[in-house]
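The values are calculated or read from the model by the stated rules, or taken from the named source; none is laboratory data. In this text, all values refer to a predicted model and were calculated from it rather than measured experimentally. Please note: Cβ atoms are built from the backbone with ideal geometry, for glycine as well, and neighbour counts cover all protein chains shown.
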2 protein chains.
Amino acid sequence: MSKLISQDTIVAIATPQGQGAIGVIRLSGDQTFNILKEIAPSKNWHELASHTIHLAHIKREGILLDEALFALFKNPRSYTGEDVAEISCHGSPFILQQVVQLILEKGARLAKAGEFTQRAFLRGRMDLAQAEAVADLIASETEASHRIAMNQMRGGFSNEIKELRVQLINFASLIELELDFSEEDVEFANRDQLRALINSIRLTIEQLIKSFDLGHVIKNGVPTVIVGKPNAGKSTLLNKLLHEEKAIVSEIPGTTRDLIEDEMTLDGIAFRFIDTAGLRETVDKVEAIGVQRTRDKMKQASLIIYLFDVTTTKEKELIADLEELKGLDTPYLVVGNKADTSEKYAEKFNNFNGILFISAKQELGLEELKNRLLNMVNYEKLGSNQTLVTNARHYECLVNTRTALIGASKGMDEQISGDLLAQDIRQALFHLGSITGEVSADDLLGNIFSKFCIGK
Amino acid sequence: MSKLISQDTIVAIATPQGQGAIGVIRLSGDQTFNILKEIAPSKNWHELASHTIHLAHIKREGILLDEALFALFKNPRSYTGEDVAEISCHGSPFILQQVVQLILEKGARLAKAGEFTQRAFLRGRMDLAQAEAVADLIASETEASHRIAMNQMRGGFSNEIKELRVQLINFASLIELELDFSEEDVEFANRDQLRALINSIRLTIEQLIKSFDLGHVIKNGVPTVIVGKPNAGKSTLLNKLLHEEKAIVSEIPGTTRDLIEDEMTLDGIAFRFIDTAGLRETVDKVEAIGVQRTRDKMKQASLIIYLFDVTTTKEKELIADLEELKGLDTPYLVVGNKADTSEKYAEKFNNFNGILFISAKQELGLEELKNRLLNMVNYEKLGSNQTLVTNARHYECLVNTRTALIGASKGMDEQISGDLLAQDIRQALFHLGSITGEVSADDLLGNIFSKFCIGK
C-alpha cells in the first residue's frame, strides 16, 4: 500500500466558501515548512515546536497578502501523520485564492477531495471505516446520525468488524493447517465447534445487515408519505409538526442549515415528509397514472401516515382505504383528524383498532403521533449499544461476507474438502477486511475519498 | 471609553456558513478558559501556554459532540486583547450549532456582528480606521481594493490622519495660550505662519477628499456603461473582455467568488459593465422614457464606452452622438468596432480625434482599449504612495474637517477673536479624530461594527 503514499505536498481551502471572519488553508506533506519559509520568511518554521501558533506576514514579491495565524503540526503528530500547517487568513475569498495560488507557485499542488483524510488512512492514522465516518460526521444533520458517525469515527464499528475477522482467521488457520496434513486425513478443527463458530459469526453479520435499514434512514431521514384527501387536513398537520423545529434551528444566526422544507427531527431522527394526493380519490377519477404514482411513493416510503377527516369520512370509505394500505408492504399509521369537532366519531369508528384520533388545528394528540412515528422506526434500538450500519458500501461488504459464510456452512454440511472450505473463508475474510481497509484495491480508495469535501 | 468594555464572554462561528472540512468557533472574554473547562474537562486550560494547540473532546452530558483542536490565546496576546480560544471543529453545521449552544449554556453569549473587532478597538489593539479596514479587507475582491484595505489596516491612513492632528493640536495650543493672556492682547502665534500651516493642512485634506472618488470606485468597482446600437457588437466586446478573467477565477475549486456577471478586473481594478440600449435609437422612436433611462445610467456611470460599427455608421450620426456625449459630465471613450472588415474607415472617420479602432470579434485592439480604460480611472495614482480614502464615513469626516478649517482661515482673514478661532480648530480636531476613533460617540461605534461579519 505504500506506493499509494505520494510524497508531494498538498494544499486546499478547508473552510466553506464565502466571506467570513476566518478562512483556513491547509497544507500537508514534507515540503510544508519549506513552503512556509517561502511565503512567510520572517519565521524559522523548521525550528518551531509542533502544536504552536504564530502570527506572520504572507508576502508575494514584497507585497503583503495577509497577516495570518499559522498553526503547526509536525509529523507524525498531525491529522495526516505528515507535516501539516493550518493558515488562518482573513476570511476573504480573494485573499484565500491569492494565498493558495502563491503556495501552488512554491511547489504544492491542489488537494483532491478527501485527500487529507486519505493520507491519514494510508499512514495508518485511521482505518477505512473510520475515515468514511469523517465525511458522514461532517454531513450529519441530526443528533442520531451525528452519534452514529461519531461512534464509527472513533472506531466502534471497526472494532466489531475486526473482532469478527479475528474469529474467522482462527477458524481459517485451523482449516489451512488441515490442508498441510491433507494426506493424513486428520481434522484439527472439530467440525461441530467450527459450525457453532460460523453460526455465531453469521448471527452478528445478520444483525449488522439488518441494522442497515434503520441506519440508512437515520443517516438520510425517514421518507414518510402523508396520504389523505385534500380536506383531511394534511397541510395543517404538516405545518404544526414542522413549525417547532424550524424556530429552534433559526435561533443561532449563521448556522441555519439548508432545510428540506418538509423535514422534522424527532429525538434526533429526521422524518422527510412527502405529500401525496388522496389514496382513492384518483381511483374515482380513473386517473390510472396518478394512482400509480401515489402507490409508488407509498411503496418507496418507510412510513405512511394515512389521514382522514372523522367528520366527513364514511365507514365503508375507510374500510376500502385500509384494504389498499394492507396491500402495500410499508408500515402505516391511521390517523383520524378533526376529532375535536365531532363527539360521535368514537362510536362511528368503534370497530377499527389502532386509529389515533387527533386535531391538527387544536394541536391535540400530536405528541402521541410523534411517539408512534418514533416507535415505528424502532427507535428503542438506538438507545442500546447496537452498532448501526449506515454506509451502503459496508452493507454490500457484509452481504458478500454472509454469502461466503453461507457457502462455508453449506460446504461443511456437504462435507466438501478443506480446500474448498478454505476458499469460502478467504472470501469472507476479504469482504470483511474491505470494510476497514485491511484489504483494499486502489480504485476502491479513489472512489471513497472522492466523495469528501476538498480540504478534508 | 472603558464603560464600553463589557466583561461578558462572547462566542460566534467565525467561518462561512455551510459544510466544509473545518469550522471554527471563536470565544473571547475572561470566562473563556472556564468555559473550555466545562465543555472539554480533560485539559487544565488555565495552565496551558498561550499560542498552543490541543486536541480535546467536547462533551455535553457525557455525549461526545466532537473531537476538536483548541487554539489558545492568552490576554493580552490575542486579537481582542482578551483571553481567546479558537475551536476547530469538523465542518458540520450541525456540530457547530451544537457546540455553540453548549457554550451559550455555559455562560457565554452570542457575539454581535463585528464585536470581536470592536473589542480589539476598545482595548487599544487597533484604532477605528484600522478596525474598519478589517471589514474592507474581508470584502475586498480585487488586488487594488485589497492593497488599500491592507494598507489602511496596517495603519497607513491612520498615521497620516494622526500627523495632521498633531499639527492642528500644535496650532490649537498656541491659540489657547493666547486666550489665557487675552487681556494683554499678545499674539504668540504668528498669524502668517498659522495661515501657512492651515493652508498646508487643508491641501492634504483636499487631496484625501479628492482621492475618495478613485478610492470608492476601486473598492466598489468602476461602473462602466457600454452604449451603442445593437449591431455595434456590444455583447461580442463584453464577452471578449470578460472571458479571460472568468477562466482564471474558476481555476481553484472552492474559491470562485460570487461573480457579478459582467465584471472584469484590470490590473486589480474592477470594471462593472452596464449594458444599455443605443444612444439615439430611442430618440428616433420618440421613446422618451427609454432615452431618459439611458442618459441617467450614463450620468451615474464613471465611464462610458461608446461603441459604433465602422462599416455602417454614417459620419453625421457619429457627430450627433458625440454631441450627446459631450453634454454629459462623464468621461467617455469612442470605439469604432469591426475595423478589420473595412479598410475605408480610416478615411471616413479622418476628421475625428481620439477614436480607438478595434475588432471585438478578431480581438484586435482590445489591449489598447483596456489601457485606455485604466488611464481613465487615473490608474497611475495607485502606483504612487498616495493614500486613497475608500470609506464614506471617513470622507464625511474629512469634508467636515475641511469646512471647519475654511471657517478658521476665513476667521483669520476677518481677524476674529482667538476665542472663535479656537472653536473652529476644535471642530476640525473633533472630525479628524472621529476617523481614527480618538474621539467617538457610542452610537457611531455600534453603527460601524454592525456592518461586520459575525465572528469577526
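Brief remarks follow.
- Candidates in the range A:192-239 are the residues that are of a type in the set (Gly, Ala, Ser) and within 16 Å of residue A:399 (Cβ to Cβ); of these, the one that is modelled with the lowest pLDDT is A:215.
- In the range A:91-102, of all residues being of a type in the set (A, V, I, L, M) and within 9 Å of chain B (Cβ to nearest Cβ), the one that is surrounded by the fewest Cβ atoms within 10 Å (Cβ to Cβ) corresponds to A:100.
- Within the range B:103-121, tally of residues that are away from every other protein chain (no Cβ under 11 Å) and surrounded by 21 or more Cβ atoms within 10 Å (Cβ to Cβ): 5
- For the range A:340-358, a tally of residues being closer than 16 Å to residue A:315 by Cβ, at pLDDT 80 or above and surrounded by 14 or more Cβ atoms within 10 Å (Cβ to Cβ) returns 3.
- Restricting attention to the range B:139-148, the residues being part of a helix (DSSP H, G or I), at the interface with chain A (Cβ under 9 Å from one of its Cβ atoms) and crowded, with 24+ Cβ neighbours inside 10 Å number 2.
- Restricting A:71, A:120 to those that are at pLDDT below 95 and either of a type in the set (Asp, Glu) or outside any loop (DSSP other than H, G, I, E, B) (or both) reduces the list to A:120.
- Members of the range A:422-438 that are farther than 22 Å from residue A:177 by Cβ and either in a helix (DSSP H, G or I) or free of Cβ contacts under 8 Å to residues at least 12 places away in the same chain (or both): A:431, A:434, A:435, A:436
- Any hit, the range A:30-48, residues being of a type in the set (S, T, N, Q), over 17 Å from residue B:79 (Cβ atoms), facing chain B (nearest Cβ under 8 Å) and touching a Ser or Thr at 6+ places or on another chain (Cβ under 9 Å): no
- Selection of first residues in the range A:63-81 that are within 10 Å of chain B (Cβ to nearest Cβ) and of second residues that are part of a loop (DSSP other than H, G, I, E, B) and aliphatic (A, V, I, L, M), restricted to Cβ pairs under 6 Å at least 6 apart or on distinct chains, gives the following pairs, ordered by first then second residue: A:72/A:48.
- Of all residues in the range A:123-138, those being among the acidic types (Asp, Glu) and in a helix (DSSP H, G or I) number 2.
- Residues in the range B:75-110 that are part of a loop (DSSP other than H, G, I, E, B) and either over 19 Å from residue B:123 (Cα atoms) or more than 34 Å from the chain's Cα centre (by Cα) (or both): B:91, B:92, B:106, B:107, B:108.
- Pairs, first of a type in the set (Phe, Trp, Tyr) in the range B:347-365, second not in a helix (DSSP H, G or I), C-beta under 6 Å, six or more apart: B:349/B:355; B:357/B:336; B:357/B:339
- Subset tally (residues that are in contact with a Lys or Arg (Cβ under 7 Å, 6 or more places away or on another chain) and more than 14 Å from chain B (Cβ to nearest Cβ)) for the range A:20-29: 0
- Residue within the range A:46-56 that is surrounded by fewer than 23 Cβ atoms within 10 Å (Cβ to Cβ), under 20 Å from residue B:141 (Cβ atoms) and either at pLDDT 95 or above or touching a strand residue (DSSP E or B) at 6+ places or on another chain (Cβ under 6 Å) (or both) present: no
- The lone exception for residue B:86 - which of (1) free of Cβ contacts under 8 Å to residues at least 12 places away in the same chain; (2) under 18 Å from residue B:38 (Cα atoms); (3) at the interface with chain A (Cβ under 8 Å from one of its Cβ atoms) it fails: (1)
- Every condition in (1) surrounded by fewer than 22 Cβ atoms within 10 Å (Cβ to Cβ); (2) out of contact with any Ser or Thr (no Cβ under 7 Å at 6 or more places or on another chain) is met by residue B:136 except one, and the failing one is (2).
- Condition met for residue A:160 (more than 14 Å from chain B (Cβ to nearest Cβ), charged (D, E, K, R), more than 20 Å from residue A:424 (Cβ to Cβ) and touching a helix residue (DSSP H, G or I) at 6+ places or on another chain (Cβ under 8 Å)): yes
- Scanning the range A:313-326 for residues that are in a loop (DSSP other than H, G, I, E, B) and either closer than 16 Å to residue A:237 by Cβ or in contact with a Phe, Trp or Tyr (Cβ under 6 Å, 6 or more places away or on another chain) (or both) yields one hit, A:313.
- Among the residues listed as B:261, B:251, the single one being at pLDDT below 70, part of a loop (DSSP other than H, G, I, E, B) and within 23 Å of the chain's Cα centre (by Cα): B:261
- From the options B:64, B:36, residue that is buried (at least 23 other Cβ atoms within 10 Å of the Cβ) and more than 33 Å from the chain's Cα centre (by Cα): B:36
- Of all the listed residues (B:423, B:427), the sole one being in the same structural domain as residue B:163 (by TED's automatic domain parsing), under 29 Å from the mean Cα position of the chain (by Cα), modelled with pLDDT of 85 or more and surrounded by fewer than 18 Cβ atoms within 10 Å (Cβ to Cβ) is B:427.
- Verdict on residue B:168 being part of a helix (DSSP H, G or I), aliphatic (A, V, I, L, M) and in contact with a helix residue (DSSP H, G or I) (Cβ under 7 Å, 6 or more places away or on another chain): yes
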